[in-house]
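**Student:** Sharing a structure below in structure tokens format, with a few things to ask.
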Amino acid sequence: QVQLVESGGGLVQPGGSLRLSCAASGSMFSIYTMGWYRQAPGKQRELVASINSDGITNYADSVKGRFTISRDNARNTMSLQMNSLKPEDTAVYYCRANFQVLSVWGQGTQVTVSS
């Protein structure tokens with residue numbers, strides 16, 4: 001079973017960029033569908049983007065054209081490049097790995113978009 005650690009969050013001004021990373025320990029990283037989720041205060045956790053074992057990506061409508069998800073199976077890592085950030089992108093961002101009934105979450109990293 002994988003374990004996940006996120007990094008790269010922080011404070012950025014509107015219009016700025018951040019790159020989140022998710023490092024996975026354990027074996028068979030390549031078989032997992034990997035995803036980024038976020039949860040803003042008082043709101044439900046929502047899917048931001050996902051990438052499956054074949055490299056097929058999926059994005060929430062709110063981030064299409066601004067965010068890019070990628071994975072490096074050789075390094076057991078996944079990234080989320082976030083451009084043109086908006087205040088409404090402010091949330092705790094979580095990395096998730098899932099395969100069939102198995103689901104593993106990271107601890108989360110805070111992203112704050114504010115001037």
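The values are calculated or read from the model by the stated rules, or taken from the named source; none is laboratory data. What you see is a predicted model, and the numbers here were worked out from it, not measured in a lab. Here the Cβ positions follow ideal geometry from the backbone for every residue, glycine too, while neighbour counts run over all protein chains shown. The protein model used for the area step is the full one, side chains on, heavy atoms only, and it has no ligands, DNA or RNA in it. Shrake-Rupley method; radii C 1.70, N 1.55, O 1.52, S 1.80 Å.
**Student:** Out of all the residues in the stretch 27-81, which are under 15 Å from residue 95 (Cβ atoms) and basic (Lys, Arg)?
**Tutor:** Selection gives 38, 45, 71, 75.
**Student:** Then there is this: Within the group 15, 10, which residue is open to solvent by less than 60 Å² (accessible area, probe 1.4 Å) and more than 15 Å from the chain's Cα centre (by Cα)?
**Tutor:** Answer to the selection: 15.
**Student:** Then there is this: Give the number of residues within the stretch 88-97 that are open to solvent by 40 Å² or more (accessible area, probe 1.4 Å) and either of a type in the set (S, T, N, Q) or not in a strand (DSSP E or B) (or both).
**Tutor:** Qualifying residue count for the region: 1.
**Student:** For the stretch 63-74, which positions are modelled with pLDDT of 95 or more and loosely packed, with under 14 Cβ neighbours inside 10 Å?
**Tutor:** Answer for the stretch 63-74, where residues must be modelled with pLDDT of 95 or more and loosely packed, with under 14 Cβ neighbours inside 10 Å: 64, 65, 72.
**Student:** Got at least one residue in the stretch 60-68 being farther than 19 Å from residue 3 by Cα and among the polar types (S, T, N, Q)?
**Tutor:** Within the stretch 60-68, one or more residues are farther than 19 Å from residue 3 by Cα and among the polar types (S, T, N, Q).
**Student:** Please verify whether residue 24 is over 16 Å from residue 106 (Cβ atoms), open to solvent by less than 50 Å² (accessible area, probe 1.4 Å) and in contact with a strand residue (DSSP E or B) (Cβ under 8 Å, 6 or more places away or on another chain), treating the condition exactly as stated.
**Tutor:** No; evaluated as a whole, the condition is false for this residue.
**Student:** To continue, here is another question. Among the listed residues 84, 27, 62, which satisfies the condition of being assigned to a loop (DSSP other than H, G, I, E, B) and touching a residue at least 40 places away in the same chain (Cβ under 8 Å)?
**Tutor:** Among 84, 27, 62, only 84 is assigned to a loop (DSSP other than H, G, I, E, B) and touching a residue at least 40 places away in the same chain (Cβ under 8 Å).
**Student:** While we're on this one: Please go through the stretch 98-115 and give me each residue that is over 23 Å from residue 86 (Cα atoms) and surrounded by 12 or more Cβ atoms within 10 Å (Cβ to Cβ), ordered by number.
**Tutor:** 98, 99, 103, 104, 105, 106
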